[in-house]
């Protein structure tokens with residue numbers, strides 16, 4: 001058998017060559033942030049870093065947003081979500097831990113394809129156990145699944161799970177800054193404190209960018225968000241993101257209630273220049289109804305459908321910065337171009353969700369399809 005001998009020089013050359021190849025491949029894989037905002041991090045292609053390596057056999061306690069002390073495992077491997085699963089799954093996926101969600105979505109989320117991308121972000125949930133039906137918790141199913149921790153936005157659900165020996169963390173979101181508190185708590189629970197801090201920095205930078213882009217708009221467009229079928233504006237947070245996008249919401253009356261109901265007479269009086277709708281079917285409904293014919297948004301064909309990605313962008317979601325830029329693109333495309341919006345979308349889901357959006361998916365999101 002022949003023996004192979006390498007000189008010191010040839011060994012050094014080989015090592016340097018391999019290092020060069022590795023470095024090039026790493027650079028090729030890195031997703032650059034959109035040019036409109038400085039990079040949130042330049043140390044890695046994503047924000048997903050674990051702050052500490054916990055002892056898998058240990059336990060720890062956290063305080064949730066109801067002030068409850070919750071004991072959880074040091075290492076979280078299985079996560080359950082209850083109630084507003086679109087919102088809650090998005091929080092988990094933001095941390096890069098979508099693969100740990102152990103339950104499928106309830107029927108009210110799967111009866112149409114609005115939440116189809118949830119099965120892209122967390123494919124293992126498809127066909128998994130369903131923890132709720134008809135607003136009732138299937139406790140035996142939950143116990144059999146053995147989640148390490150569960151998330152809910154309902155105190156009663158958290159307390160019921162706790163009574164059955166399940167660690168349940170309550171998240172609340174009523175005011176704008178609550179998203180930062182919820183993300184911080186999620187980072188603590190999932191040992192992703194650095195990721196949480198990274199998102200908060202990203203969130204603040206995006207708001208600052210939106211303010212810069214819209215500061216010189218003198219003739220702001222009037223906007224209606226909601227359902228013309230039920231004549232409702234479903235979430236107060238829309239008043240905020242419309243303003244952030246440079247618009248004026250016709251339903252912004254300073255109310256404290258989350259949902260606003262109005263009349264057809266109100267709508268005709270407001271005469272919005274842009275209508276952002278909650279369902280695709282409403283566009284045809286509006287165009288076929290002569291009562292809406294004289295509304296400026298209808299005459300100008302300025303009718304758009306809110307995207308649903310991890311969750312409905314018009315409602316409460318960690319994707320809210322993208323909602324602002326999407327709305328800005330519809331209101332003022334000369335300020336936020338389609339290409340720039342596409343870059344923002346790709347960067348967000350790559351950086352936080354660890355998911356690479358295709359051009360086709362991005363186009364569907366922008367067009368509300």
Taking R0 as 35 Å, what's the FRET efficiency between residue 296 and residue 108 from their Cβ-Cβ distance, rounded to 0.05? 0.55
Cα coordinate range in the stretch 291-369, projected on the principal axes (Å, largest first): 45, 25, 20
If the convex hull of the alpha-carbon atoms of the stretch 58-147 is projected onto planes in all directions, what is the mean projected area in square nanometres? 6.3
Evaluate E = 1/(1 + (r/R0)^6) for residue 74 and residue 193, where r is the Cβ-Cβ distance and R0 equals 22 Å; express this FRET efficiency to the nearest 0.05. 0.95
What ranking do 258, 148 get, fewest neighbouring Cβ atoms within 10 angstrom at the top? 258, 148
I'm checking a number: the convex hull volume of the Cα atoms of the stretch 230-339, normalised per residue, in Å³. What is it? 108
Arrange the peptides 99-108, 341-350, 172-181 so that the one whose residues have, on average, the most other Cβ atoms within 10 Å appears first. 341-350, 99-108, 172-181
Cα-based radius of gyration of the stretch 200-244 once divided by 2.2 N^0.38 Å, which approximates compact folds: 1.44
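For residue 215 and residue 367, compute 0.36 nm times the residue count separating them, minus their Cα-Cα distance, and round to one decimal in nm.
Difference between extended and current length: 52.1 nm.
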Run the quick spin-label model on residue 288 and residue 154: label points 7 Å from Cα toward the beta carbon, then report their separation in nm to one decimal. 3.4
So what is log10(I(q)/I(0)) for the stretch 104-256 at q = 0.14, 0.18 1/Å, when the Debye sum runs over its Cα atoms only? -1.01, -1.32
Whole-Å distance linking the alpha carbon centroid of the stretch 141-215 with that of the stretch 280-326 is 27
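At a 10 Å Cβ-Cβ cut-off, how would you order 62, 324, 365, fewest neighbours first?
On the way: 62 15, 324 27, 365 22.
Going from least to most buried by this count: 62, 365, 324.
FYI, it's all coordinate maths here, none of it is from the lab. On a predicted model such as this, the values are computed, not experimentally measured, just so you know. Glycine also receives a Cβ, built like all others from the backbone with ideal geometry; neighbour counts cover every protein chain displayed.
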